[in-house]
Amino acid sequence: MNADARVGAAAAARPRLTRGQAALALALLLGLQPITTDVFLPALPALTHALDAKLEQAQLTMSALILAFGIAQLVWGPVADRIGRRRVLLAGLALYTLASIGAVLAGRIETLVAWRVLQGLTLAAAIVCARALVRDLYDPLEGARVMSLGLSGLAVIALVGPALGGLATTLAGWRGALALVAAAGAATLVWVAVRLPETAPALNPRATAPATLLAQWRVIARDRVFVAWTALASATYGGLFVILAGSSYVYIGTLGLTPSTYGLAMASGSAAYLAGTFQCRRWVARHGMGGAVRRAGWFTLAGGVSMAALAAAGRQSMWALLVPQWLYLFGHGVHQPCAQAGAVGPFPRAAGAAAALTGFALAATAFAVGLWLGWALDGTTRTYAFGVGCGALAASGVAWTLVQRLAPLH
């Protein structure tokens, strides 16, 4: 038996995950992303003041993290295809926990940004392996159902994250919120070490060879199904990142909410997202992935357009933002599971590389949005609302056109 055959046989012999175990793994691994961002959101205004930072510098604690997160996925994805998901997860989560502890201890905004960049670089390992895990175990249609189940668990994490972050900020300042992030990283590392087996059905010793990697990326980037689903994932995430990066300044700074009240408001949005992931499973079973995102597009559009219209009319209140935000997040709860499962669907032997490219596209979109917000936020709700509205127009447009023509998986 040659070396490649031995590697494949060893991977095939590893223990497999039940559907419930796979969903739990997805919830914990993907849940680190909202923990890294959402728990931190109530602390943004406080750390801006405590570290005597400018708004643009404070925004870098989000946008620089996301840029690093996107670039690192291009590395972690092929490495996971070569050495396996488990090894990458253990290394990435250990470094993520150390970076989180460093962020808690930062004394200057520049130091905090540097630790947040390292968080992004290592968070990428968890997200890439989680997305690849779905393709390791399931076909695209079943993968969308399992992904939506995992994202329901993520939504529960996101539901309590902002509220816990707001409470920690109120009791212990911005360092308290970051301490929660470090604790979550350590707990996830322990769970992976004890409970998660290798899921890759075969390993590719040549996955990281430059020529092989460039050729693989070229094939993936030219695939019409990949392009359609990745465009949808990027568009819906662009509107979401407006909410993630801008909401604390609008709700706390403009509307005057306390960090704890703001955390509860964001938690209500996570509940809407959770409802969307439940509806996703029903629609996928009845109408396929293309039919599911077509229906969700109406919720996305209604949320974004109504928020922009109310802001343009001068309605500056919590409810004028929060109710449309619920609609948008409900649609996002359908779009994101379908898009993430659909993008890696055509590539069962290169799921890590495909997940990495999708993740890079999302991160590049979020980085651009974060830079724009740091420049455009003006102390009113208009910029925030118009940003969500643009994301809604893009996401619904892609769901109704590109996805329906190129990737109507039923």
What whole-number value in cubic angstrom gives the convex hull volume per residue for the C-alpha atoms of the range 167-292? 204 Å³
For the range 319-410, just the Cα atoms, rotate onto the principal axes and tell me the three extents in Å, largest first. 49, 26, 19
In nm², what is the average projected area of the convex hull enclosing the Cα atoms of the range 32-100? 5.1 nm²
At 25 °C in a medium of viscosity 0.890 mPa s, the chain has a Stokes-Einstein diffusion coefficient, with Rh taken as the Kirkwood radius over alpha carbon pairs, in µm² per second, of 117 µm²/s
With θ taken as phi - 60° and the coefficients 6.51, -1.76 and 1.60, list the Karplus ³J(HN,Hα) couplings across the range 161-167 in order, rounded to whole Hz; mark glycine and proline as x. x, x, 5, 5, x, x, 5
Value of relative contact order over the range 17-406, rounded to a whole percent, pairs C-alpha under 8 Å and six or more apart: 29 percent
Need the full-extension length gain, R206 to R224, defined as separation in residues times 0.36 nm minus the C-alpha distance. One decimal, nm. 4.0 nm
Compute the FRET efficiency between A91 and W298 as 1/(1 + (r/R0)^6), taking r as their Cβ-Cβ distance and R0 = 41 Å, and round to the nearest 0.05. 0.45
Phi-derived 3J(HN,Hα) across the range 372-387 with the Karplus relation (6.51, -1.76, 1.60, θ = phi - 60°), rounded Hz, x for Gly and Pro, is 5, 5, x, 8, 9, 4, 10, x, 10, 8, 5, 4, 4, 5, 5, x
Segment D52-V323, length gained on full extension (0.36 nm per residue, minus Cα span): 94.2 nm
Spin-label proximity, A313 to the range 327-344 - amide N less than 17 Å from point 7 Å beyond Cα toward beta carbon: 327
Calculated FRET efficiency for the pair R349/A271, C-beta based, R₀ 41 Å, to 0.05: 0.60
If you line up the long axis of helix 3-13 against the longest principal axis of the chain, both from Cα atoms, how many degrees apart are they, to the nearest 10? 60 degrees
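Computed from the coordinates by the stated procedures, all read-outs in this text should not be read as laboratory data. This structure is a prediction, so every number in the text was calculated from the model and none was measured. Glycine gets a Cβ as well: all are built from the backbone with ideal geometry, and neighbour counts include every protein chain shown.
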